[in-house]
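The values are calculated or read from the model by the stated rules, or taken from the named source; none is laboratory data. Everything quoted here is computed from the prediction, not taken from an experiment. Positions of Cβ are generated from backbone atoms using ideal geometry, with glycine treated the same way; all protein chains shown enter the neighbour counts.
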Amino acid sequence: MIITTGDHSAAEPVQRAMALSKKSGARFVPRNRTSLTKLAKRYGDDDILVILEGGARLHRTGSEPLTFHPSMAFVRAKRLLRGEPDTMLEAAGVRPGDKIIDCTAGLGADSSVFSLGTGPSGHVISLEDSLSLWALLTEGLTYYESGVAEYNAALRRIETRHVHHLQALRGMPDKSADIVYFDPMFRDPIMESAAISPLRTFANNEGLSQETVQEACRVARRSVVLKEKKGSEEFARLGFQEVGRAHTKIVYGVISLDD
């Protein structure tokens, strides 16, 4: 992955780009009004993260660019802030102060809702296996401005880690989190989902393994939660009890671990 800036960047995006380069180990390349296509060819890398004022955009040669944005998560967040319920939080049984491991963070949409649900005393750890996505997520959570102070604060509280979820879970102590959550790329995609299509290009598309679920059950104190399409065979294969509303395409599977 290459990290650069826009064509006419001020000092602040350049400083952010250089800092993220050091943190991620990816190469920082000054833009110098060079096209992204030329940069990709010059450095032999198709993934380019462009740091912009107040945001970032991820490019891959031949693919649609991906910009950090909370999308529908922001709608859910505003409902929460009005005191309305959220299906995911209810399925997972989230409580203020919870520690939650989001094993497949993507762009952090569900992590942001979890962060609101757990509140300032909670701790959400977002794991992302793709270096490019992790870098975009980390930059977005740190600098994105939604216009809602409570939501911005929830974004800033999220801890991101660039690691495969199974490796991360193996290294965690027994009962060290309240909830472990998975939102893998669906085995049977909802093709009309315009928000997911660009993300699928960059994400790890592998399914969950039995070992992963076993490790999650070891690490979680209360529940392990899986997000999938309604009627997905993944729930039965991995031992989850499907819960959700009859009229929705997306439901949650839960393994309850309370004694």
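Here are the numbers:
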| read-out | value |
| --- | --- |
| Residue in the stretch 28-41 that is among the hydrophobic types (A, V, I, L, M, F, W, C) and touching a residue at least 40 places away in the same chain (Cβ under 8 Å) present | no |
| Subset of the stretch 48-58 [surrounded by fewer than 21 Cβ atoms within 10 Å (Cβ to Cβ) and either free of Cβ contacts under 8 Å to residues at least 24 places away in the same chain or touching a strand residue (DSSP E or B) at 6+ places or on another chain (Cβ under 7 Å) (or both)] | Gly55, Arg57 |
| Helices (runs of 4 or more DSSP H) completely within the stretch 189-259 that count 1 or more residues being modelled with pLDDT of 75 or more and of a type in the set (Val, Ile, Thr) | 210-219 |
| Candidates Asp102, Asp129, filtered to the one that is under 15 Å from the mean Cα position of the chain (by Cα), buried (at least 24 other Cβ atoms within 10 Å of the Cβ) and not hydroxyl-bearing (Ser, Thr, Tyr) | Asp102 |
| From Glu84, Glu53, Glu12, residue being acidic (Asp, Glu), modelled with pLDDT of 95 or more and over 13 Å from Ser132 (Cβ atoms) | Glu84 |
| When residues of the stretch 132-169 are limited to those that are among the small types (Gly, Ala, Ser) and in a helix (DSSP H, G or I), the one surrounded by the fewest Cβ atoms within 10 Å (Cβ to Cβ) | Ala149 |
